[in-house]
Amino acid sequence: MDYRFSVDEDAFRGEVKEFLRGAIPEDWDYDPFELTGETWDFAKEFTKKLASKGWVAPAWPKEYGGQGMGYMKQVVLSEELAYSRAPNTALIGVTYAGPTIIVYGNEEQKQQFIPGITSGDIVWCQGYSERNAGSDIAWLQRRAVRDGDDYVILTGASSWLGQTRTRRNTRGSATSSRQWTLRASA
Amino acid sequence: MDAPGISVRPLVNMAGEHVFNEIIFDNVRVPRKYLVGEENRGWYIGMTTLDFERSNISSAAQQRRTLEQLVEYVKEQGSGNKKHAHVNGAGNGVKPKLAELTIENEVGRYLSYRVASMQERGQIPNYESSAAKVYHSEYGQRLAGAGLKMMGLFGQLREGSKHARLRGRFARTYLTSVGSTIAAGTSEIQRGIIAQRGLGLSRI
Ligand SMILES: Cc1cc2nc3c(=O)[nH]c(=O)nc-3n(C[C@H](O)[C@H](O)[C@H](O)COP(=O)(O)OP(=O)(O)OC[C@H]3O[C@@H](n4cnc5c(N)ncnc54)[C@H](O)[C@@H]3O)c2cc1C
């Protein structure tokens, strides 16, 4: 049992800190949910910088735009980003949507969606919960029904709640099909 | 989000922030090529996605920063810097409270490291990540509450007031930290997971 980070991991921490000193103003103190307008624009810009270091999804295999970085180094990176309140807009794409598509998606879907995640261009959101299905998520009522080459997401008796992390300024065609990608198979 | 049949209604949280929306689907058409995995396997795919959500390592680091900001605030109070003017109960309750919050922050960090080290070895955490989730989110509330109190009346002011301190961080997070114990599985649900999977207790 060894509770210390390795020499290599510590050196990496130093590298991350140095990057963050250059990329984030000293008085930056915003939490993710506070970002709007100018701070949101800064967040998008910052995420691009992170992407240019290959640090948006560092643990993913190289073929998916990652670096195949060891798990503990990824932990170090996450810690430093969180400590500096780094505004990373790629988080949902990297932690939820991306892995799901990598594991279950077909080649075409991977080609279409993965590069936009690792480049920091696409902001994803997550919509599982419905008004009557939060804790009891097995009670989800939303249905997608096959109709020719489409799925139609039907309206149920009650209106559905997809409580998503959609920000005013991320609404665009980009965010859209992602969410349904997950939902369409529910 | 531009597809016909989608409408978006804002959900404003109790801190007055609008970062969530209710999305209503009304006969929205989605091309078949966007189906991920096989039809009617969505439940299992969805559960995979949630698993990734539960291994969050960032909370303890964010909270450590907040704690350090609070400690700085308290230190400056004694230094005659009028920028940070007031500490409630200085000298009495404050120091042990800050010490306690520091211990708790370390505990949270190690709970996260545990989850991380399991994942590094290819094990799949379940009740361990629930323990970290409950702990971080509830600690977030204790930290926000403690800071709010220490700052006295200043602590209650939000950004925008000229008397607000630390951009009104504690007044805001006192409100926003509540949602964290609900999001991604409530504290009750997490404790249920720990009881069943961790302790082997029956469901009811
Ligand atoms: C800040 C925030 C962010 C969120 N982000 C998202 C998101 O991005 N995407 C998304 O899809 N959803 C999101 N949600 C929704 C979230 O997943 C649900 O709110 C959560 O699962 C709880 O469901 P509910 O609100 O329906 O409450 P309910 O499930 O109705 O719970 C009500 C109360 O009953 C208790 N309870 C319920 N079942 C049990 C049980 N079996 N045993 C003991 N107690 C129980 C709960 O603990 C709670 O106290 C978010 C919520 C919040 C607050």
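The values are calculated or read from the model by the stated rules, or taken from the named source; none is laboratory data. Keep in mind that what you see is a predicted model, and the values were worked out from it rather than measured. Heads up, the Cβs are rebuilt from the backbone with ideal geometry, glycines too, and the neighbour counts pull from every protein chain shown. Surface areas here come from the heavy atoms of the whole protein model, side chains and all, with no ligands, DNA or RNA. Shrake-Rupley method; radii C 1.70, N 1.55, O 1.52, S 1.80 Å.
Which residue pairs have Cβ atoms under 8 Å apart, sit 6 or more places apart or on different chains, and have a first residue in region B:139-153 that is crowded, with 18+ Cβ neighbours inside 10 Å and a second that is assigned to a helix (DSSP H, G or I) and of a type in the set (Lys, Arg)? Going by the 8 Å Cβ cut-off, the qualifying pairs are B:146/B:97; B:147/B:169; B:150/B:97. Considering region B:112-198, the qualifying helices (runs of 4 or more DSSP H), each wholly inside and each with 2 or more residues that are closer than 24 Å to residue B:93 by Cβ and hydroxyl-bearing (Ser, Thr, Tyr), run over B:127-150, B:169-180. Against the list (1) within 16 Å of the ligand (Cβ to nearest atom); (2) at the interface with another protein chain (Cβ under 8 Å from one of its Cβ atoms); (3) closer than 27 Å to residue B:120 by Cβ, the condition residue A:135 fails is (3).
Looking only at region B:18-46, residues that are facing chain A (nearest Cβ under 7 Å) and in a strand (DSSP E or B) come to 11 in all.
Listed by position, the helices (runs of 4 or more DSSP H) inside region A:46-153 whose residues that are at pLDDT below 90 number at least 3 are A:71-83, A:98-104. Scanning region A:121-131 for residues that are closer than 24 Å to residue B:27 by Cβ and either near the ligand (Cβ under 7 Å from one of its atoms) or surrounded by 20 or more Cβ atoms within 10 Å (Cβ to Cβ) (or both) returns A:124, A:125, A:126, A:127, A:128, A:129, A:130.
Scanning region A:42-90 for residues that are aromatic (Phe, Trp, Tyr) and under 20 Å from residue A:32 (Cβ atoms) yields A:42, A:46, A:55, A:83.
Looking only at region B:160-204, which residues are facing chain A (nearest Cβ under 10 Å), more than 13 Å from the ligand (Cβ to nearest atom) and open to solvent by 90 Å² or more (accessible area, probe 1.4 Å)? Scanning region B:160-204 gives no hits.
Of all the criteria given as (1) at the interface with chain B (Cβ under 8 Å from one of its Cβ atoms); (2) more than 30 Å from residue B:26 (Cβ to Cβ), the one not satisfied by residue A:58 is (1).
Of all the listed residues (A:89, A:118), the sole one being buried (at least 16 other Cβ atoms within 10 Å of the Cβ), hydroxyl-bearing (Ser, Thr, Tyr) and away from every other protein chain (no Cβ under 13 Å) is A:118. Considering (1) open to solvent by 70 Å² or more (accessible area, probe 1.4 Å); (2) within 16 Å of the ligand (Cβ to nearest atom); (3) farther than 23 Å from residue B:57 by Cα, the lone condition that residue A:111 does not fulfil carries the number (2). Of everything in region A:141-153 that's open to solvent by less than 30 Å² (accessible area, probe 1.4 Å) and within 16 Å of residue B:45 (Cα to Cα), which residue is nearest to the ligand (Cβ to nearest atom)? Only one residue fits best here, namely A:142. Consider region B:18-49 and keep the residues that are surrounded by fewer than 16 Cβ atoms within 10 Å (Cβ to Cβ) and within 14 Å of the ligand (Cβ to nearest atom). The one that is modelled with the lowest pLDDT is B:47.
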